[in-house]
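Remarks on the structure that follows.
Just so you know, all these numbers are worked out from the coordinates, no wet-lab data involved. Only a predicted model underlies this, so the values are computations on that prediction, with no experimental measurement involved. Note: ideal-geometry Cβ built from the backbone for every residue, glycine included; neighbour counts use all protein chains shown.
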Amino acid sequence: MSYPTGKKMDDVMKRFFIRIAILLGVPLLLAVAVNLFRPTSLDWIAKEAYEIFQDCPEATAQAEEVQVEFVRSHATSLLWVDARSEELFAVKHLPGAVNVVYDTLFPVAEEDLHNLQSISKGKTVVVYGEGGIGKLLADDLASQGMVGVKYLNPQFDWKTLLMGEMP
Amino acid sequence: MDGFRTGINVTTQFKRIFSCAALVLTAFCLLVLPVWADGNGIWAQVPGAERLKAAHKEVLTEVFAKANCYAGCPDTIANCLKDAPEEPAVRRLAGFAVRRALKGGTVESILQDIKNRALSAYPPKPVKPDVSGLPASGNPKAKVRVVAYSDFECPYCNVALPALRKITRERPDFAVLYFKNFPIKSHKSSIPSSTAVVAADKQGKFWEMHDCLYAKTELAESDILDCAQKVGLDLKTFETDRKAKNTLNRIRKEKKEGISFDVIGTPGLFVNGKFYVGPKNYDDLLDRLEEERDIVEGRQ
Amino acid sequence: MSGHEKKRFYGILTMIALPLRVYIGVVFVLASLYKIYDPYAFALSIATYQILPLWVINPFALLLPWVELLVGITMVLGYWTRESAALISGMMVMFLIALTLALTKDLQMSCGCFASQEAADEIGVHTIYRDLAWLGAALWTLIFDDGRFGLDGWLSYRNKRNHAV
């Protein structure tokens, strides 16, 4: 339509390919020129293989650490998650806590995750447990897609919270 | 112009111009040549410098001026290359910086790489991984011991572990390698592969299985069984061993130990108990292991 | 359909092509700018796909962004519209093949194991749908846009007028 009428198809095709060649050739010249003059130029043929990998992280998302002051000020909107084993949980745990056992090898089961998500609606999940497993479980939960998961600073002994004052 | 028209003193003018030019040239040579030669002198000491382009040298000149050598010479890399070029630690660090520059490193990234390397060689607290009962690749009495917390599905492990295997197979008395399972939770094939390698270990074919699994591009159940067959395992025992409870317990124990050493990803490599932070390809790993040998032998 | 109706129908199709054409052009221009600014990062992204051999990666990383920029500009302007649309369709087909290959390789790109996270995030089924949509838009332009609402149209109009005079 925009092509002048009366021209042969061959000419139209020819013009088409010439224009394609120009649309590729001009960038080629630009690329060569710019690469020639920029200080951080790239070799046209790479000599070194690219380092495309990095360490595979165990947790793809990090949970946030909270201090005991946060726990005190948010007492009413907290959901405690106990990361320890069932046996330890049975002996002693924070009031109202839910037990989600941290496992070294396997992530939290889908079912448990859904359950936790439904009971924690509108609440802040704070994970605790001995020896840093609170953080490990919280990171797992965050990596599995839970938003806003926090863990209690492992330096702080959660059992002191049982001593009556809180929560 | 007068001189030309009257025809006098053309030669004098030429002489003047010529002598001026000569003077400038001499001054230029006196001032610039030493600097140039000095720069060249530095590069002559730097391993791999012949592959550098001008832009790389610009980056490295800044890096050498800013970063200190962490061993061998208590000064910047630039000064150390002048004062103590024969020091292996200095040359090694310079060569490391060259490799980083060739891989597209910037001044900031290379400075960070150097910090990481210093920390890898002289960490605040080395750890002691328990290697009892583990199959060794290389001579267990070698002075450099590498313990790798690794996962079979992790692509970087697929670079690092074969490289370490190559080193310890070619030079078994130089370095020894131990493998510890650290299956990453988000990977689907990691635990099946780990159980396979532990089950193969029970038939004494740990490293054969290890190599076969890393050579695979995919780790479906059929690929794992294919490896078991290739390696020459008794398939029935292999299957029961894989499902055995103590197999999973061993993997759990190995990973737990890694976590206790603050391994948060794979491959987590410890060279004589020192956590390694840095590029995990053959060249860089070999370089770090040789450095460690020099440290053990008191040469660095 | 009468001849008149037909003409009007094609007119509508051509009009639809106008926003599509400008959109694709802007997408390509914007996509090219960062790649031109940092060819190393782009080369790293290409390498992450693990499809091209090493010696092809850098020429690709250096040339492709400039093609994208130029073709993007000509698309927006409506200059050499058909040729630009053809090139863009070609590039989209190429990207789609690369994506499909990377996906079928079953690489776990989202696991955080790759140095170029942008490249890793690019690889997914959602990207295939997005690219298919862009390919569709480019093909639409190729077929229906005669550059009537662009420089092409303006230039041919001027030509005709000059000839008439």
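Quick notes on this one:
- Cα-based equivalent ellipsoid, the stretch A:48-138: semi-axes from gyration tensor eigenvalues, Å: 28, 16, 14
- Projected onto planes of every orientation and averaged, the convex hull of the alpha-carbon atoms in the stretch B:245-300 covers 5.0 nm².
- In this structure the amide hydrogen of B:K180, modeled in the peptide plane, comes within under 5 Å of the amide hydrogens of B:A148, B:Y149, B:S150, none closer than 5 places in sequence on its chain.
- Amide hydrogen proximity for A:Y151: with H placed 1.01 Å from N in the peptide plane, the residues at 5 or more positions away or on another chain lying under 5 Å are A:E64, A:E65, A:V66, A:V127.
- Cα-Cα separations in the protein assembly as shown greater than 47 Å, expressed as whole percent: 38 percent
- Calculated on alpha-carbon atoms, Rg and Dmax of the stretch B:87-128 in Å: 11.7, 35
- Base-10 log of normalised Debye intensity for chain B (one unit scatterer per alpha-carbon) at q = 0.08, 0.15 Å⁻¹: -0.48, -1.11
- Taking the Kirkwood radius as Rh and the Cα radius of gyration as Rg, the stretch C:1-106 has a ratio of Rg/Rh equal to 1.12.
- Loop-resident trypsin sites (Lys or Arg not before Pro) (DSSP state other than H, G, I, E or B) in the stretch A:7-42 with no more than 16 further Cβ atoms inside 10 Å of their Cβ: A:K7, A:K8.
- 17 Å Cα-Cα reach of A:K92 towards aspartates and glutamates, excluding residues that sit fewer than 8 places from it in its own chain: A:D82, A:E130, A:D157, A:E165
- When each of A:K123/A:K150; B:K125/B:K188; B:K188/B:K256; B:K230/B:K256; B:K202/B:K236 is checked by Cα-Cα distance, pairs over 23 Å: B:K125/B:K188; B:K230/B:K256
- Rounded D (µm²/s) - the stretch A:1-75, Kirkwood Rh over Cα pairs, Stokes-Einstein at 20 °C, 1.002 mPa s: 109 µm²/s
- Residues C:C111, B:C154, B:C69, ranked from the fewest to the most other C-beta atoms within 10 Å, line up as C:C111, B:C69, B:C154.
- Along the axis of the charge dipole computed for chain B (Cβ charges of +1 for Lys and Arg, -1 for Asp and Glu, origin at the Cα centre), the listed residues B:N249, B:A71, B:F238 are led at the positive end by B:N249.
- Other-chain or far-sequence residues with amide H under 5 Å of A:T124's (modelled H): A:L78, A:L79
- Rg over Rh for the stretch B:161-255 works out to 0.96, using Cα positions for both radii and the Kirkwood form for Rh.
- When the P(r) is computed for the stretch B:48-96, the part past 17 Å accounts for 28% of the Cα-Cα pairs.
- With helices as the sole contributors, chain B gives -19000 deg cm²/dmol at 222 nm; each DSSP H run of n ≥ 4 counts as -39500 (n - 2.57), and the sum is divided by every residue.
- Within the stretch A:17-167: Cβ-based charge dipole about Cα centre, in debye rounded to nearest 20 (Lys, Arg +1; Asp, Glu -1): 700 debye
- Distribution of pairwise C-alpha distances over chain A, 10 Å bins, in %: 8, 27, 17, 6, 8, 13, 11, 7, 3, 0
- With neighbour counts taken as other beta-carbon atoms within 10 Å, the residues B:D234, B:D287, B:D151 rank, fewest first, as B:D234, B:D287, B:D151.
- Whole-Å semi-axes of the ellipsoid equivalent to the stretch A:48-87 (Cα gyration tensor, √5λ, descending): 38, 16, 7
- Ellipticity estimate at 222 nm from DSSP helix runs (n ≥ 4, -39,500 (n - 2.57)) divided over chain A, nearest 500: -11500 deg cm²/dmol
- About the Cα centre, charge dipole magnitude for the stretch B:69-121 (Lys/Arg +1, Asp/Glu -1 at Cβ), debye: 260 debye
- With Cα atoms, 0 to 90° folded angle of helix B:157-170 axis to chain B main axis: 90 degrees
- Degrees separating the helix C:54-77 axis from the principal Cα axis of chain C, which is the longest one: 30 degrees
- Acute angle (nearest 10 degrees) that the helix B:245-260 long axis makes with the longest principal axis of chain B, alpha-carbon atoms: 30 degrees
- Neighbour counting of Cβ atoms within 10 Å sorts the residues A:L116, B:L60, fewest neighbours leading, into A:L116, B:L60.
- Eigen-decomposition of the gyration tensor built on the alpha-carbon atoms of the stretch C:64-159 gives equivalent ellipsoid semi-axes of 34, 13, 9 angstrom, largest listed first.
- Taking the helices alone, chain C has a mean residue ellipticity at 222 nm of -28000 deg cm²/dmol, built from -39,500 (n - 2.57) per DSSP H run of at least 4 residues and averaged over all its residues.
- Separation of the alpha carbons by more than 19 angstrom is noted, of B:K180/B:K255; A:K8/C:K6; B:K103/B:K143; B:K280/C:K105, for A:K8/C:K6; B:K103/B:K143; B:K280/C:K105.
- Membrane-span-like helices in chain A (whole DSSP H runs, Cα extent of at least 27 Å along the helix axis, mean Kyte-Doolittle hydropathy of at least 0.5): A:9-37.
- Counting DSSP beta bridges with both ends in the protein assembly as shown, the antiparallel % (nearest 5): 35 percent
- Averaged over the residues of B:254-261, the number of partner chain Cβ atoms lying within 10 Å of the residue Cβ comes to 2.
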